[in-house]
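Asks: This is the structure, below, for whatever I ask next.
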Amino acid sequence: MSILTYALHYEGEFNKNSLGAVSEGAKLAEELAEELGGEAAAVVVGGEDLTDELCATLGKYGAAKVYRAKGPEGLAQPVVDVMAKVVQDNGFKYALFGGGLLGFEIGAGLTARLGAGVTMEVTSVKAQDGKLVAERPILQDSAIVDVGYVGEPGIIIGRLNAFDIAEGGDGTAEVIDVDVALEDHSTKAVMVQRGEQRGADVNIEDADILVAGGRGLGKPEGFELAEALAEALGGAVAATRAVVDAGWYPYAAQIGQTGKTVAPKLYLAAGISGAIQHKVGMQNSENIVAINKDPNAPIFEFSDLGIVGDLNKILPKLTDAVKAKKG
Amino acid sequence: MKICVLVKEVPDAAVEKRMDPNSKRLDRSGEKNLNPFDTHAIEAAMQIREGGAADVDEIVAVTMGPESAFRALHKAVSLGADRSVHLTDEALSGSDVCATGYALAKVLESESPDLVLLGQQSDDGECYTIGAVVADHLKMPSLTQVIKIDVEGNKLRCERQAEYGYDTVEIELPGVISVGDAINEPRYPSLKAIMGAKKKQLDTKAVGDVGIEADRVGAQGSQTEVLGINPPPQKQSGEIIEDEDTNETVEKIVAWLDERKLLA
Ligand SMILES: Cc1cc2nc3c(=O)[nH]c(=O)nc-3n(C[C@H](O)[C@H](O)[C@H](O)COP(=O)(O)OP(=O)(O)OC[C@H]3O[C@@H](n4cnc5c(N)ncnc54)[C@H](O)[C@@H]3O)c2cc1C
Ligand SMILES: Cc1cc2nc3c(=O)[nH]c(=O)nc-3n(C[C@H](O)[C@H](O)[C@H](O)COP(=O)(O)OP(=O)(O)OC[C@H]3O[C@@H](n4cnc5c(N)ncnc54)[C@H](O)[C@@H]3O)c2cc1C
């Protein structure tokens, strides 16, 4: 077999980034059909909600087979046990993951278990001399390295939203149950609560204009400045993980790798440094405006308009000026 | 309880990092410092010690790196570690994640910790993966990006943000935890601690001292290979306004937004 892709699911639905990865795996397996000698497959681990029907839908994204194992959800190590066995029993040459968090942990665990090479934050995969080569942006996206694999399997962990979902027709995947005895240590982490939504339930995905605030707002009350501007512009307020983790703003407003992906007409970032994990959730916005007091902040590398200055001075006046202009 | 904290020496934040086109490795000349993300791991260890829910006998800082990396260990000790271990050997140079994780697991094995703490990422390689690699070798439960740890007997109750919101996970010790930078505000070392750091025990180990198979580490033992380094796709750089007169700045922003019909 050729490429094995991990498909994450939650409450009876597959993760969009996983579907992108399954599509990418199928595409690559086809491109390298001769060298890899087989179709792409997916692997799922979980409980009763992984029904035959649900698993078979992965065929639509190009998976010929779906290996299904019973196991706890939301934890990486049980999936490492399952994937190590499926890779070894079937001779998979690559293991692929979409962006997110668990993929990093599972991929890393597999690296150790199988003595395999790993590349993370991969934005593109190409075929070269019959092998896969991963492209990885490094050092704040200032360069891109081409990474090749010495042995097998090669482990590829994608960046969030790197792989497009491709619904390739009406295929249904063959579902194969695998029975894997979990390693002792894989049973020593227990999920107590999963997917807790901290803070109010706000809707930012439908907004055409987002004013996003980061640690540069200084304190929870700093968000009042962002809210006032958003109101004047007729938009909503978004946030970074740093301020959500600090309890300054609700999780539902978070943009990025473990938050939401948005592409509004205007994304105005105030006091946000522009870390990769934030960028991946908003880089497709039509217009990006950034206000930051540090002229070297990475966010200026991908903004259309950058203002170097103190947001405490700029935001209130900007709100007034927008109000005046809109009348 | 014995805690080992993994720390790494990285180029100082003020240094513009670049790849050396010849060696295809990071250019490590210039100022170096302790990886800022690792100071959160040391602080987490200190808070477990001071929190009283566990008896912490020892906090040991462990690094793998070139000779100069002892300075990162001194800094780790000034922040609270009791002693440190430096794995350094020519054979390790050029190790990828697979090789680094294996080598670190071997040093840790020789220390038999109850808890291994790491940072969420290194400031240079940004691979986010060493914790999970080390844990699989040590056969210990593990979590990354943890922002809250409560000790309850021989268990840790951990919280972190994952794909669908916040997860609370209980792990049984011994275990491996990578902490997120929101977990704490690292303290500043006192002058006394900085001066005293050089006098604390620092053990230097070579590959053979901890049973590392030399053919599994270094550039030779690595499973990935950098084939090329390319510039990112050219993007037209945006307009920049330096805010000097805020009224003027705001006027310019409004005009810019208006031109793009964003004030309709
Ligand atoms: C696995 C993983 C997943 C992650 N997921 C996400 C995610 O989903 N979303 C996300 O956002 N992050 C995520 N992160 C975190 C990310 O790496 C950054 O830490 C985070 O985005 C930083 O948030 P920030 O920009 O608010 O804070 P900082 O990086 O601290 O930036 C604050 C900025 O404010 C500026 N500033 C300060 N004061 C002022 C002022 N008065 N006026 C103007 N500017 C000022 C500073 O110059 C600085 O640039 C993730 C990280 C990891 C490892
Ligand atoms: C720009 C760049 C890109 C790279 N890309 C890849 C790649 O795609 N695949 C690959 O296999 N390797 C890659 N490497 C090599 C890799 O960075 C090293 O093997 C490195 O030692 C481990 O990765 P990290 O430091 O990024 O770890 P991370 O997983 O980001 O580090 C997390 C934590 O692990 C601990 N830690 C990490 N290294 C050490 C150490 N030497 N000693 C003690 N504790 C440590 C620290 O607590 C740190 O906070 C890359 C290196 C660079 C400079």
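The values are calculated or read from the model by the stated rules, or taken from the named source; none is laboratory data. Owing to the predicted nature of the structure, the values given are computational and were not obtained by experimental measurement. FYI the Cβ positions are ideal-geometry reconstructions off the backbone, even for glycines, and counts take in every protein chain you see. In case anyone asks, the SASA skips ligands and DNA or RNA and just uses the protein heavy atoms, side chains included. Shrake-Rupley method; radii C 1.70, N 1.55, O 1.52, S 1.80 Å.
Asks: Specify the angular offset, from 0 to 90 degrees and rounded to the nearest 10, of the alpha carbon long axis of helix A:223-233 from the longest principal axis of the alpha carbons in chain A.
Replies: Its long axis makes an angle of about 80 degrees.
Asks: For an R0 of 41 angstrom, estimate the FRET efficiency from the Cβ-Cβ distance between residue B:194 and residue A:263 and round to the nearest 0.05. Present the calculation step by step, with values, prior to reporting the outcome.
Replies: Values: r = 48 Å, r/R0 = 1.17.
About 0.30, to the nearest 0.05.
Asks: Which ³J(HN,Hα) values, rounded to whole Hz and listed in residue order, are derived for region A:154-168 from phi using the Karplus coefficients 6.51, -1.76 and 1.60 in 6.51 cos²θ - 1.76 cosθ + 1.60 with θ = phi - 60°, glycine and proline given as x?
Replies: x, 10, 10, 10, x, 7, 3, 6, 6, 10, 7, 6, 10, 8, x
Asks: Another one. Once Rh for region A:3-187 is found with the Kirkwood sum over Cα pairs, what is the Stokes-Einstein diffusion coefficient at 4 °C and 1.567 mPa s, in µm²/s?
Replies: Details: Rh = 16.1 Å.
For the chosen part, D equals 81 µm²/s.
Asks: Of the candidates B:247, B:184, B:33, which one comes out as most mobile in a Gaussian network treatment of chain B with C-alpha springs shorter than 10 Å?
Replies: It is B:247.
Asks: Now for a separate question. Too long at a 30 Å Cα-Cα cut-off: which of A:60/B:139; A:85/B:32; A:65/B:24; B:8/B:155; A:16/A:317; A:27/B:17? Display every interim value, and only then the final one.
Replies: Details: A:60/B:139 37 Å; A:85/B:32 42 Å; A:65/B:24 38 Å; B:8/B:155 27 Å; A:16/A:317 40 Å; A:27/B:17 35 Å.
Beyond 30 Å: A:60/B:139; A:85/B:32; A:65/B:24; A:16/A:317; A:27/B:17.
Asks: Using a 1.4 Å probe and ignoring any ligands, DNA or RNA, find the accessible area of residue B:256 and quote it in Å² to the nearest 10.
Replies: Per-residue accessible area (residue B:256): approximately 10 Å².
Asks: Filter the GluC sites (Glu not before Pro) in region B:7-110 down to the DSSP loop ones having no more than 15 other Cβ atoms within 10 Å, then list what survives.
Replies: For GluC sites (Glu not before Pro) across region B:7-110 that sit outside H, G, I, E and B with at most 15 neighbouring Cβ atoms in 10 Å, the list reads B:16, B:31.
Asks: Roughly how crowded by other chains is peptide B:137-145, in terms of the mean Cβ count from those chains within 10 Å of each of its Cβ atoms? Kindly include the intermediate steps, with their values, before the conclusion.
Replies: Working: counts 3, 2, 6, 5, 11, 9, 5, 6, 6.
Mean number of neighbouring Cβ atoms from other chains: 6.
Asks: Here's a follow-up. So what are the radius of gyration and Dmax for the Cα set of the protein assembly as shown, in Å?
Replies: Cα-based Rg and Dmax for the protein assembly as shown come out at 24.1, 75 Å.
Asks: Related question: Using Cα-Cα distances under 8 Å and only pairs 6 or more residues apart, what relative contact order does region B:8-137 have, in percent? Walk me through the numbers on the way to the answer.
Replies: Values: 167 pairs, mean separation 35.2, N = 130.
Once normalised by length, the contact order is 27 percent.
Asks: Short version: what are the Cα gyration tensor semi-axes of region A:137-194, square root of 5 times each eigenvalue, largest first, in whole Å? Write down the numbers at each step before the final one.
Replies: Values: eigenvalues 177, 110, 57 Å².
Working from the Cα gyration tensor, I get semi-axes of 30, 23, 17 Å.
Asks: Collect residues whose amide H, placed 1.01 Å from N in the peptide plane, falls under 5 Å from the amide H of residue B:25; neighbours closer than 5 in sequence don't count.
Replies: B:20
Asks: Among B:250, B:134, B:107, whose mean-square fluctuation peaks in a Gaussian network model of chain B (Cα, cutoff 10 Å)?
Replies: B:250
Asks: To the nearest 10 degrees, how steeply does helix A:16-31 sit against the main Cα axis of chain A, on a 0 to 90 scale?
Replies: 50 degrees
Asks: Report Rg(Cα)/(2.2 N^0.38 Å) for chain B, keeping two decimals.
Replies: Numbers: Rg = 21.6 Å, N = 264, 2.2 N^0.38 = 18.3 Å.
Dividing the Cα Rg of chain B by 2.2 N^0.38 Å gives 1.18.
Asks: Could you work out, residue by residue across B:231-241, how many beta carbons of other chains sit within 10 Å of that residue's beta carbon, and then give the average as an integer?
Replies: For this peptide, the per-residue mean of nearby foreign Cβ atoms is 5.
Asks: What list of ³J(HN,Hα) couplings, whole Hz, do you get for region B:51-66 from phi and the Karplus terms 6.51, -1.76, 1.60, once you set θ to phi - 60° and write x for glycine and proline?
Replies: Taking θ as phi minus 60°, the curve returns x, x, 6, 9, 8, 8, 6, 7, 10, 10, 8, 10, 9, 10, x, x Hz for region B:51-66.
Asks: Roughly how crowded by other chains is peptide B:246-253, in terms of the mean Cβ count from those chains within 10 Å of each of its Cβ atoms?
Replies: Values: counts 8, 2, 0, 9, 11, 4, 2, 10.
What the average comes to for B:246-253 is 6.
Asks: Per the Cauchy relation, a quarter of the hull surface: what is the mean projected area of the convex hull of the alpha carbons in chain A, in nm²?
Replies: Values: hull surface 71.6 nm².
Projected over every direction and averaged, the Cα hull of chain A covers 17.9 nm².
Asks: Right, next: Helix A:76-90 versus the longest principal axis of chain A: what angle, 0 to 90°, nearest 10, using Cα atoms?
Replies: In chain A, helix A:76-90 runs at an angle near 40 degrees to the longest axis.
Asks: Once you charge only the Cβ atoms, +1 for Lys and Arg and -1 for Asp and Glu, what is the size of the charge dipole of the protein assembly as shown about its Cα centre, to the nearest 20 debye?
Replies: Numbers: 57 positive and 93 negative charges, 242 e Å.
So the magnitude is around 1160 debye.
Asks: Okay, next question. Just to be sure I follow: if Rg is taken over the C-alpha atoms of region A:127-227 and Rh is the Kirkwood radius over the same atoms, what is Rg/Rh? It would help to have the intermediate numbers written out before the result.
Replies: Values: Rg = 22.1 Å, Rh = 20.6 Å.
That ratio equals 1.07.
Asks: When the gyration tensor of region A:63-124 is built from Cα positions, what are the square roots of 5 times its three eigenvalues, in whole Å, from largest to smallest?
Replies: Working: eigenvalues 57, 43, 32 Å².
Taking √(5λ) for each eigenvalue gives 17, 15, 13 Å, largest first.
Asks: Next question, about the same structure. Not counting ligands, DNA or RNA, and with a 1.4 Å probe, what is residue B:245's accessible surface area in Å² rounded to the nearest 10?
Replies: For residue B:245, solvent-accessible area is about 70 Å².
Asks: State in Å² the accessible area per residue of the protein assembly as shown; use a 1.4 Å probe, count heavy atoms of protein chains only, and round to the nearest integer.
Replies: On the way: 24170 Å² over 591 residues.
On a per-residue basis, the protein assembly as shown sits at 41 Å².
Asks: Here's a follow-up. When all alpha-carbon pairs of region A:235-320 are counted, what percent fall beyond 23 Å?
Replies: On the way: 588 of 3655 pairs.
Considering region A:235-320, 16 percent of its Cα-Cα pairs are separated by more than 23 Å.
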